[in-house]
Amino acid sequence: MPADSLERQLIDVLDAIALHRPDPGAAQGRMGRWFSELTQAMRTHSLPGHAALGGDHALAQQREALNAALTSCMATWERQWHRLAPAQALAQSFEDHVMLLVFGKFNAGKSSLCNLLAERFAAHGRSVHFFRLSGGRVEDVRGPLPEGATETTACVQGVRLGERLVLLDTPGLHSVTPENAELTQCFTDSADGVLWLTSSTSPGQVQELGELARELHRHKPLLPLITRSDVIEEDEVDGEIVKRLRNKSAANRRLQQEDVQARAQQKLQAMGVAPALLKPAVSLSAHVIRAQGQTPQALSEGGLTRLYAALLEIVEAALRYKQRKPAEVLLHHLEETVLHALEQQLCPGLALLGRDIVQERERLRALQPRLVQQVLRQVLLQLAALLQRWEATQDLAGLCGEIDALAQSALGDEIAARLGGYACAGMAPPEPLRSCLPPGLGYEVFYADQAPAHGCAQGAAPMFIGHASLHAALQDLVGERVARQCALALARCHEALDQVGTGVRSLEDCLLRQRAPLLQIRDELRT
């Protein structure tokens, strides 16, 4: 079909569009309830602490960092939703229009395309209004949009074509100024479909589509446009070399379109975006069309015939999106700003904390026998000297007290060295060692010619009948008591790990449970 016929068909279709205010339907109500339930669940699933896990322990610090991240996420949800207000206001100001976002890196020909289409609508007697956004308000400006080889779009601007179509030309997401990129991101929410412009000099730079992830995950239709599909050729005219701008050959255009289409589809699949959103790529040259006077032949050969057919298709898809746009905006906020942000900020840390807890359990299990052995070794190194003093003093209670103090001191030092960060204090002290000695092992000093006595006859030679049995009894008893105390201390550590580990699994399960209901709402919304 000739280009001028397709122009009229496109304009007639746009004129006949009857737009209705989107019906919020049940989806938004369900999403509101889902968000309330998520908020309550997150408030009740912060990771618990434990008295035995001191604040300076690495695991306690990981736990607190995750709790802080959870609190931070929840605090930003409302603020991030309010950041969408300018885009929502823009969408409302154009709610009776189909709005297409013209996207591409700077020098991709965005303004040139907008100006060319404005000229074509004007040629058919349709109104054309250029505008820009200033302070969140739409202001009419004199056209056309500035074009250039450098970044010329300093603000969000666009053009209304006829009564129903709006092209939104934004600063490039790869803009040379960070402010431009931020401005673009703020207003892309308002579009109903996307025209992705990529220059034929390096077509299909699909990494650019990553910048459109927000829009594509919102299920907006995407039309790739290969711009600047022209070449400069040299001809000899009257003996002089003349440079002429010409369209690329049909074969060359076809190859580029197929290549862009294939790579864009692969990129969308890698991004988890439905490939059905991608419309067939179109190649065109606004510069050649203008240079050749915008004749019907120039429009056709320059690619506008194919562009109009593609616009008819994407407008139809954009209308379907527009009817569910408010729900899609809320859905995207809940998916990306809320749930995805929670998962991104919490899940890696939760997995790491879970692995560290497992490793700490293994360390504690291997530590227990070494801890007992080290304490007992320190006691035994001094036990012989203590027994020698006992032989002279016969103060068994004093001996046991010294051994008790020695064992407790050694145990405290080992716990401090090997269980740093745990609060193992507060355990009940063991009963006095003297009361635990079994009776009848001959712990008294006897004399060769006397029965056991409380005093010694002057000059009588003592016989230390109970020395060996006392040493053995004390060694066994100290070993048992230290092992019991170590087990109690480590059990307290394991109890703290159990509590934190249970909290980790509970929060992970809670996050996992939140995704399925939201995906079900999304699928039903788009069916």
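With a 10 Å Cβ neighbour count serving as the proxy for reagent exposure, in which order, fewest first, do TYR321, TYR308 appear?
Result, fewest neighbours first: TYR321, TYR308.
Using only Cα positions of the stretch 1-133, each an equal point scatterer, no hydration layer, compute I(q)/I(0) via Debye at q = 0.09, 0.15 Å⁻¹ and quote the log10 values to two decimals.
Each listed q corresponds, in turn, to -0.58, -0.97.
Looking at the chain from every direction and averaging, what is the projected area of its Cα convex hull in nm²?
That works out to 37.8 nm², a quarter of the Cα hull's surface.
Please report, in Å, the Rg and the Dmax of the stretch 34-74, where both are computed over Cα atoms only.
12.0, 37
Convert 20 °C to kelvin, take the viscosity as 1.002 mPa s, use the Kirkwood radius over C-alpha pairs of the stretch 63-137 as Rh, and evaluate the Stokes-Einstein diffusion coefficient in µm²/s, rounded to a whole number.
Value of D from the Cα-based Kirkwood radius: 131 µm²/s.
Summing -39500 (n - 2.57) over the DSSP H runs of n ≥ 4 in the chain and dividing by its residue number, what mean residue ellipticity at 222 nm do you reach, to the nearest 500 deg cm²/dmol?
Dividing the helical sum by the residues of the chain leaves -19500 deg cm²/dmol.
Given Cβ point charges of +1 (Lys, Arg) and -1 (Asp, Glu) and nothing else, what value in debye, to the nearest 20, does the dipole of the chain about its Cα centre take?
940 debye
Using every Cα-Cα pair within the stretch 262-340, state what percent have a distance larger than 20 Å.
56 percent
Taking amide H positions as placed 1.01 Å from N in the peptide plane, with prolines and chain starts having none, which residues 5 or more places from ASP230, or on another chain, fall under 5 Å of its amide H?
LYS248
Which cross-chain or sequence-distant (5 or more) residues have an amide H under 5 Å from the amide H of GLY54, H modelled 1.01 Å from N in plane?
TYR422, ALA423
Can you list the aspartates and glutamates whose alpha carbon sits under 20 Å from that of LYS267, skipping same-chain ones fewer than 8 residues off?
Filter leaves GLU208, GLU211, GLU215, GLU258, ASP259, GLU336.
Would you kindly derive the ³J(HN,Hα) couplings of the stretch 108-116 from the backbone phi angles with the Karplus curve 6.51 cos²θ - 1.76 cosθ + 1.60 (θ = phi - 60°), listing them in order in whole Hz, with x for Gly and Pro?
8, x, 5, 5, 4, 5, 4, 5, 5
Computed from the coordinates by the stated procedures, all read-outs in this text should not be read as laboratory data. Here the structure is a predicted model, which means the values were calculated and not measured. Heads up, the Cβs are rebuilt from the backbone with ideal geometry, glycines too, and the neighbour counts pull from every protein chain shown.
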